[in-house]
Amino acid sequence: MSFYEEVVIDYLKADRALFVNTNCCIQLNESNNPDGSGPHWYCDAVTVDFRAKTIFLCEISYSSSLGDLIKRLKAWHESWRLLCIALCRDSFLPSEWSVRPWLFVPEKLLPLLLRRMGQATSAGTPHFIPRITTLEMVQPWQYRSWHRIGETEKPPAIPEEMQC
């Protein structure tokens, strides 16, 4: 786990309505061994928001190209229905809850991320609208550690539908 992953995990855990499973394996085909079962991913964190009844697939990136993040989102988009089924099957999560990625990237990479999002969802209708939070917002001095009330506003570069 990289330094920034730990900072993001602490940020997520500061909201007591969220429960976090780090480095969670999501495998499309049911099997005891993900390495031999077919497509699978180790998600930086699967976060369950009991307040919003939403399951978040949290990915953290500070790569200047965001290449691996875009590849991950593309793979998820191509297998979205099976991914949601597998997540509920293996983690015993409610199937009626919504699932969406939650991306954590540096603020300076927001324009690049927003431009490249179209590559991840191809030309069709996207299966998900990710939530985006900048890495600058997760610094421990930016929020109260026991409930995150008072955290700073998200930058205006993040579209409204990607903020909530």
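Before moving on, here are some points about what is shown:
- Residue among Pro111, Pro101, Pro126, Pro94 that alone is outside any helix (DSSP H, G or I), over 19 Å from Phe50 (Cα atoms) and touching a residue at least 24 places away in the same chain (Cβ under 8 Å): Pro126
- Number of the exception - Met117 against (1) buried (at least 19 other Cβ atoms within 10 Å of the Cβ); (2) over 22 Å from Ser65 (Cβ atoms); (3) at pLDDT below 95: (2)
- Count of residues meeting criterion [of a type in the set (Gly, Ala, Ser) and modelled with pLDDT of 85 or more] in the range 24-46: 1
- Failed condition for Ile132, given (1) surrounded by fewer than 19 Cβ atoms within 10 Å (Cβ to Cβ); (2) of a type outside the set (Asp, Glu); (3) closer than 24 Å to Arg16 by Cβ: (1)
- Residues within the range 11-27 that are surrounded by 18 or more Cβ atoms within 10 Å (Cβ to Cβ), among the hydrophobic types (A, V, I, L, M, F, W, C) and in a loop (DSSP other than H, G, I, E, B), tallied: 1
- Tally, over the range 46-79, of residues that are among the hydrophobic types (A, V, I, L, M, F, W, C) and assigned to a loop (DSSP other than H, G, I, E, B): 3
The values are calculated or read from the model by the stated rules, or taken from the named source; none is laboratory data. Every value quoted in this text rests on a predicted model; they were computed, and no experiment measured them. Every residue, glycine among them, receives a Cβ derived from its backbone with ideal geometry; neighbour counts consider all protein chains shown.
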